[in-house]
Amino acid sequence: MTDERRQDLDFLLEQIREEVRSTRGYTGRAALDQRVVAALGAVPRHAFVPDELQYGAYANRPLPIGHGQTISQPYIVALMTDLIRPRADDVVLEIGTGSGYQAAILSRLVKQVYSMEIVDALALQAAARLQRLGYDNVEVKAGNGRQGWPQHAPYDAILVTAAAATIPAALIEQLKPGGSLVIPIGAQHAAQDLVLVTRHGDGRIEQRSVLPVVFVPLTGAQER
C-alpha cells in the first residue's frame with residue numbers, strides 16, 4: 001500500500017470512529033472492538049473497488065460494483081462486524097459477497113468464512129480476488145442466500161448484506177444457539193432497519209433494531 005493510500009485509510013478509520021460515536025444513541029456502542037478496527041486497517045479497500053472508482057476507495061460511503069450491487073459503506077461494514085462480536089474460532093456465513101470486502105474483513109477475525117453471492121459473475125470475481133490477495137479462509141459460492149449454506153451449518157454468526165422484507169427462516173435454523181445474525185429488514189426505497197438477531201440456548205429468538213439503513217434488496221426465491 002502506498003503512503004498516500006495509507007494516509008487515506010487512516011483518515012477513513014478516524015471517520016468511522018467519529019460516526020460510531022455520533023450514532024451511539026442508536027447502537028449503544030461508543031467505540032468498536034479494537035480487533036475490528038485492526039481488521040479494517042489491514043484490508044486494502046481499493047483492491048475491492050472498480051478501477052474507475054479508485055479515487056473514492058477510502059471514502060466513507062458505498063460504491064457501485066456492477067450488476068446493481070454495491071460495496072457497503074465502511075462504517076456499516078465495521079458496525080455489522082462489531083455486532084456479531086467475532087471470535088478467533090468462529091465459523092461465519094455471509095450472504096451477499098459482492099466484491100468480497102466484508103468477507104476479507106471477517107477473515108481477519110474468525111476461523112472460517114463461507115460467503116454466498118446470487119450474481120454468478122460477482123461470485124467468480126470475488127472468489128478469484130480473495131484467493132489472489134491471500135484470504136485463504138474464505139470460501140465463496142454462487143447461490144440463493146435465502147436458503148443459507150446448510151452443508152457447513154450451524155454458524156456462530158451470519159451477516160446479510162442486502163435487505164429482506166422478513167428474516168429468512170433457513171438462516172435462523174442454521175444459526176448456533178448463542179449465535180448472532182445481523183440483517184437489514186425493510187423494502188427497497190422504504191424504511192429499513194439493521195436488526196441484530198440472537199438465538200438463545202433455550203430456543204428463544206430475540207430481535208433488536210440497531211440503526212436505520214439503506215441496502216440493496218436481497219434477491220432470490222423465497223423458501224417454500
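The values are calculated or read from the model by the stated rules, or taken from the named source; none is laboratory data. Every value quoted in this text rests on a predicted model; they were computed, and no experiment measured them. Cβ atoms come from the backbone with ideal geometry, glycine included; neighbour counts cover every protein chain shown.
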| Subset of region 46-76 that is out of contact with any strand residue (DSSP E or B) (no Cβ under 7 Å at 6 or more places or on another chain) and polar (S, T, N, Q) - its residue that is farthest from residue 14 (Cα to Cα) | 69
| remark: Selection from region 191-217 of residues of a type in the set (D, E, K, R) and either modelled with pLDDT under 90 or surrounded by 12 or more Cβ atoms within 10 Å (Cβ to Cβ) (or both) yields 193, 199, 202, 208
| query | From the list 119, 160, 138, which residue is in contact (Cβ under 8 Å) with a residue 40 or more places away in the chain, surrounded by 20 or more Cβ atoms within 10 Å (Cβ to Cβ) and of a type in the set (Val, Ile, Thr)? | reply | 160
| query | For the subset of region 149-186 comprising residues that are farther than 16 Å from residue 217 by Cβ and of a type in the set (S, T, N, Q), which member is farthest from the chain's Cα centre (by Cα)? | reply | 151
| Which condition number does residue 111 fail, the rest of (1) surrounded by fewer than 20 Cβ atoms within 10 Å (Cβ to Cβ); (2) more than 22 Å from residue 41 (Cα to Cα); (3) touching a residue at least 12 places away in the same chain (Cβ under 8 Å) being met? | (2)
| said: Consider region 131-148. How many of its residues are under 18 Å from residue 68 (Cα atoms), in a helix (DSSP H, G or I) and over 16 Å from the mean Cα position of the chain (by Cα)? | reply: 0
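Just one of 188, 102, 151 is in a helix (DSSP H, G or I), surrounded by fewer than 20 Cβ atoms within 10 Å (Cβ to Cβ) and not aliphatic (A, V, I, L, M); which is it?
Step by step, each of 188, 102, 151 is checked, and only 151 is in a helix (DSSP H, G or I), surrounded by fewer than 20 Cβ atoms within 10 Å (Cβ to Cβ) and not aliphatic (A, V, I, L, M).
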| message | Quick check on my filter: what residues within region 174-185 are surrounded by 13 or more Cβ atoms within 10 Å (Cβ to Cβ), farther than 22 Å from residue 71 by Cβ and either in contact with a helix residue (DSSP H, G or I) (Cβ under 6 Å, 6 or more places away or on another chain) or not aliphatic (A, V, I, L, M) (or both)? | response | 174, 176, 179, 180
| said: When you check residue 75 against the structure, is it within 18 Å of residue 182 (Cα to Cα) and of a type in the set (Phe, Trp, Tyr), yes or no? | reply: yes
| query | Identify, please: which residue in region 14-30 is touching a helix residue (DSSP H, G or I) at 6+ places or on another chain (Cβ under 6 Å) and among the hydrophobic types (A, V, I, L, M, F, W, C) and is, among those, farthest from residue 61 (Cα to Cα)? | reply | 30
